[in-house]
Amino acid sequence: KRKYNIQLKSNVTNGCLSQSDKDIIFDTTKPSNSRSKGLQLSPSNKFFSILLKCSVDNLGSGDSTMECVQKELAKDNKKMSNTCSQCFKDSVSCGKSNCWLPCLFGSPCSDRCYNCGVNYCNKELIRCTGLENLPSACS
């Protein structure tokens, strides 16, 4: 069995320390029924609802996913900083590179897909954001 461990090191550190970035990431608003491409998503909050939906809609492309996220945030007059957006873009790309197989036929919140993303990508995402922890993407 082949293991892919592609570490995508971001050149960003402390990328999400602005109050506006924290307000977006830690927003406690529960999302309404969240679906994408027929998949039931189980996001933990509004930001992760947007991130997961945009990621599925854009087949894990980091650039397209974050363009989608910024458009959705703009509907609420919010904007994630470029450095913070870069951290999440790199994390989405990491998930696509390392977890495409476990994530291919299910929700990003399925155990196999979610655990893969956590194992391969969370440590770098936390380092990049500069935050001590992040809310779980899935509820």
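Couple of notes before you dig in:
- The length gained by stretching the chain between Lys79 and Thr28 to full extension, at 0.36 nm per residue less their Cα-Cα distance, is 16.7 nm.
- Under the Karplus curve 6.51 cos²θ - 1.76 cosθ + 1.60, θ = phi - 60°, whole-Hz ³J(HN,Hα) for segment 122-135, x wherever Gly or Pro sits: 5, 4, 5, 4, 5, 4, 5, 6, x, 8, 5, 7, 10, x
- Cut-off under 5 Å, modelled amide H: who pairs with Cys138 long-range: Ser44
Only the coordinates and a few stated rules stand behind these numbers; no lab work does. As the structure is a prediction and not an experimental result, all values here were calculated from the model.
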